[in-house]
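Below is one structure, written out as structure tokens; the observations come after it.
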Amino acid sequence: MRNSNREWIFAERPEGEPDMDSFELRERDIPDPKFGQLLVRVRYLSVDPYMRGRMRDTESYAEPWEVGDVMHGAVVGEVVESKSDAYDAGDLVTGNGTWADYSLLDADSVMPVDPNVADLPAYLGVLGMPGRTAYFGLLEVGDPNPGDTVVVSGAAGAVGSVVGQIAKMSGCRVVGFAGSEAKVEWLTEELGFDTAINYKEVDDYEAALDDAAPGGIDVYFDNVGGPITDAVFTKLKLDARVAVCGQIAHYNDEEVATGPRKLTQLIATRAKVQGLLVADYATRFEEASEQLGEWVATGDIAHRETVVSGLENAPDAFLGLFSGDNIGKQVVKISD
């Protein structure tokens, strides 16, 4: 056990794309848990695109960080000291913690981790918030039917890769957008996507969709926004459903861009566009976790994590999300 606790502090609000000036590593005493809390030695830390929104001094669905705050994120770790009857030292748990070696977690807000079902990083991806987002976002908002064509942007990410696989199990034709040939290969050869488009190598997204989805699009799961989404809107079929999960193409924008107006595409198609927050399904998280765990255990859903080693490299792992460094879920390994 370390004698002190390293913590990443939110040091400065970024303008545009964040850089290392937004982060500061400090060393403090290891905290003592209070009644109902667990002191957890962090094994793996999640970095996620939504965290960019918490760096803004504006109201959003996630409370903004104040300058000087410790950075927060989902963690998987080992209980070192428990002040709760629900968990003992040595138990493995996952919950919302901090970018730190040791984190205090409320015992009533964590979930147990079973390494016999999947390796620990999977509990920050397919068996964590991203997996549950994919599960509810596709099945509840996208409402896929057998024979539907489902298009997923950001398809090689933590959410999109699970969305595509659930869509295939639902009997759909699945098309993914991704940013490299390696990602395209992973989607089509390992995850079962019918086809995928390398958006960095395509000049005309509408033409690419004509080839990939010649009959039009029934369900669009949007993780990206931007020109890809503009192109998809022109290919929506009658009664199409659009699940808006993320807009990473715009997270670093300082001004709201004005471009071609696409809402007219929804009139003739009567398409539905709905925003998605997984927290709205909190009362059903156990349902999703059980089903996703079963699919992972049986091999029906494959998963992949890009692991960056060392707490000191957590900001680099976060910044890498905006350049597409990761395939699958981006996590930081803190300790063995």
**Request:** Using a Gaussian network model of the chain whose springs link C-alpha atoms within less than 10 Å, name the residue from S109, S82, S289 with the highest mean-square fluctuation.
**Result:** S109
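Please state the charge dipole magnitude for segment 81-153, taken about the Cα centre, from unit charges on C-beta atoms (+1 on K and R, -1 on D and E), reported in debye and rounded to the nearest 20. Walk me through the numbers on the way to the answer.
On the way: 2 positive and 12 negative charges, 49 e Å.
For segment 81-153, the charge dipole is close to 240 debye.
Quantify, in whole percent, the carbon and sulfur part of the accessible surface of segment 112-196 (1.4 Å probe; protein heavy atoms only). Mind dumping the intermediate values first?
Working: 1130 of 2600 Å².
Looking at segment 112-196 in its full context, I get 43 percent from C and S.
Kindly identify the chain as rounded, prolate or oblate by the Cα gyration tensor criterion: order the square roots of the eigenvalues as a ≥ b ≥ c, call it rounded if a/c is under 1.5, otherwise compare a/b with b/c, prolate if a/b is larger, else oblate.
On the way: a/c = 2.07, a/b = 1.57, b/c = 1.31.
It comes out prolate by the Cα gyration axes.
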**Request:** Specify the residue with the greatest mean-square fluctuation among F23, F35, F322, computed from a Gaussian network of the chain linking alpha-carbon atoms under 10 Å apart.
**Result:** F35
**Complete:** Among V152, F177, A134, the residue whose Cα sits farthest towards the positive end of the charge dipole of segment 121-193, when +1 is placed on the Cβ of each Lys and Arg and -1 on the Cβ of each Asp and Glu, is A134
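Provide the per residue accessible area, probe 1.4 Å, for segment 175-259, rounded to a whole number of square angstrom. If you can, show how the numbers build up before the last one.
Values: 3860 Å² over 85 residues.
Dividing the accessible area of segment 175-259 by its residue count gives 45 Å².
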**Item:** Listed residues V67, V308 arranged by accessible area, highest first, probe 1.4 Å
**Value:** V67, V308
**Asked** Looking only at N116, N252, N313, which one moves most when the chain is put into a Gaussian network model with springs between Cα atoms under 10 Å?
**Response** N116
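Can you sort R52, R132 by solvent-accessible area, 1.4 Å probe, largest first? Let's see the in-between values first.
Details: R52 0, R132 30 Å².
The most accessible residue leads, giving R132, R52.
Kindly rank 270-283, 233-246 from highest to lowest mean number of other beta carbons found within 10 Å of each residue. If you can, show how the numbers build up before the last one.
Values: 270-283: 14.4, 233-246: 20.6.
Output ranking for 270-283, 233-246: 233-246, 270-283.
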**Item:** FRET efficiency, 1/(1 + (r/R0)^6) with R0 22 Å, evaluated for E190 and D211 via beta carbons
**Value:** 0.50
**Asked** Once the whole set of protein chains is in place, how much accessible area is left on I334, using a 1.4 Å probe, in Å² to the nearest 10?
**Response** 20 Å²
**Request:** Treat every Asp and Glu Cβ in segment 107-252 as -1 and every Lys and Arg Cβ as +1, leave all other atoms uncharged, and give the resulting dipole magnitude about the Cα centre to the nearest 20 debye.
**Result:** 280 debye
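The values are calculated or read from the model by the stated rules, or taken from the named source; none is laboratory data. Here the structure is a predicted model, which means the values were calculated and not measured. All Cβ positions, glycine included, derive from the backbone under ideal geometry; neighbour counts span all protein chains shown. To get the accessible areas, we keep the full protein, side chains included, count just its heavy atoms, and leave off ligands, DNA and RNA. Shrake-Rupley method; radii C 1.70, N 1.55, O 1.52, S 1.80 Å.
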